[in-house]
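Below: one structure, written as structure tokens.
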Amino acid sequence: MSLPKTLAEDVARNLVMVARLIDEDPEEAYAYSRIALRLASRVAAVREAAGFAAYATQKYAEALAEFRAARRMTGSVDLWPVMADCERGLGRPERAMAMAGDPEVQKLDKAGQVEMRLVAAGARRDMGQIDAAIVTLQSSELASNSVQPWTPRLRYAYADALLEAGREDEAREWFGKALEADKDGSTDASDRLAELDGVEFVDVLGDDETDAADEVAPRAEDRSDVRDDEDDADRDGPADGSAKA
């Protein structure tokens, strides 16, 4: 659907802000998405952006409605995994599992299929089926030494499932593999490894900074003698005997 130039520019500005803020300030991104939605609700890209903004703020029912609208407009299956994850967010893991078995999944590209596998494993865990979740994540993508954009999250999810199942040694190994692949810091695999190894991080600079601040700027009560000395000096005149200006 085409929009008048001025309206299209206004919509585009709001969509840019959604993309810019969605990770750092999801609530603000959501507010911009609502403006874009009011301006151009019949544009698929707007509905999709509104869906992701709602998803980021855990408004899963609203996100699902927007994703469904975008899918109707485009006919694309790309949103299928995140729609299934919205079902999880709404407390309906069984629906997410049903979507994981839908023929639509076969139309997804490799990244989409991996994402669907992650959602399905999460749904299994929601239902208390931890062993089934582990099996769900076991795949050629997990076993591959090739690092793809989805590799850190896939390895991390596998490690986390292993840990929940009480398989700590294996979990440590896979958290390590996730960390190796995670060049952008998209997971907290390093923290999880440290936690497993019993490492505690201590703020060693805190006390030193406080002591340094006390030396540079004494507390108000410690300056009372200084103020008294200054007052006496003002009454007696300058120490060198010269007249005050």
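The values are calculated or read from the model by the stated rules, or taken from the named source; none is laboratory data. This structure is a prediction, so every number in the text was calculated from the model and none was measured. Using ideal geometry, Cβ is built from the backbone for each residue, glycine included, and neighbour counts are taken over all protein chains shown. Protein only, heavy atoms only, side chains kept; ligands, DNA and RNA dropped before computing areas. Shrake-Rupley method; radii C 1.70, N 1.55, O 1.52, S 1.80 Å.
Some points to look at:
- Only residues that are touching an Asp or Glu at 6+ places or on another chain (Cβ under 8 Å), farther than 24 Å from Pro149 by Cβ and part of a helix (DSSP H, G or I) were counted across the range 96-137, and they come to 1.
So that you can scan it fast, the table gives a plain yes or no per residue for (1) among the small types (Gly, Ala, Ser); (2) more than 30 Å from Gly198 (Cβ to Cβ):
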| residue | (1), (2) |
| --- | --- |
| Ser76 | yes, yes |
| Ala100 | yes, yes |
| Glu104 | no, yes |
| Ala133 | yes, no |
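- Within the range 5-30, tally of residues that are surrounded by fewer than 17 Cβ atoms within 10 Å (Cβ to Cβ), assigned to a helix (DSSP H, G or I) and not basic (Lys, Arg): 10
- The single condition among (1) at pLDDT 95 or above; (2) surrounded by 14 or more Cβ atoms within 10 Å (Cβ to Cβ); (3) assigned to a helix (DSSP H, G or I) that Arg38 does not satisfy is (2).
- Total residues in the range 69-84 satisfying the condition of being over 16 Å from Leu137 (Cα atoms), open to solvent by less than 60 Å² (accessible area, probe 1.4 Å) and part of a helix (DSSP H, G or I): the figure is 6.
- Residues of the range 46-64 that are within 13 Å of the chain's Cα centre (by Cα), open to solvent by 50 Å² or more (accessible area, probe 1.4 Å) and more than 17 Å from Asp78 (Cα to Cα): Gln58 alone.
- Just one of the listed residues (Glu94, Glu104) is modelled with pLDDT under 95 and surrounded by fewer than 22 Cβ atoms within 10 Å (Cβ to Cβ), and it is Glu104.
- For Arg155: the one exception among (1) under 30 Å from Ser41 (Cα atoms); (2) touching a residue at least 24 places away in the same chain (Cβ under 8 Å); (3) not hydroxyl-bearing (Ser, Thr, Tyr): (1)
- For Val135, the conditions (1) open to solvent by 70 Å² or more (accessible area, probe 1.4 Å); (2) touching a residue at least 12 places away in the same chain (Cβ under 8 Å); (3) not aromatic (Phe, Trp, Tyr) are fulfilled apart from (2).
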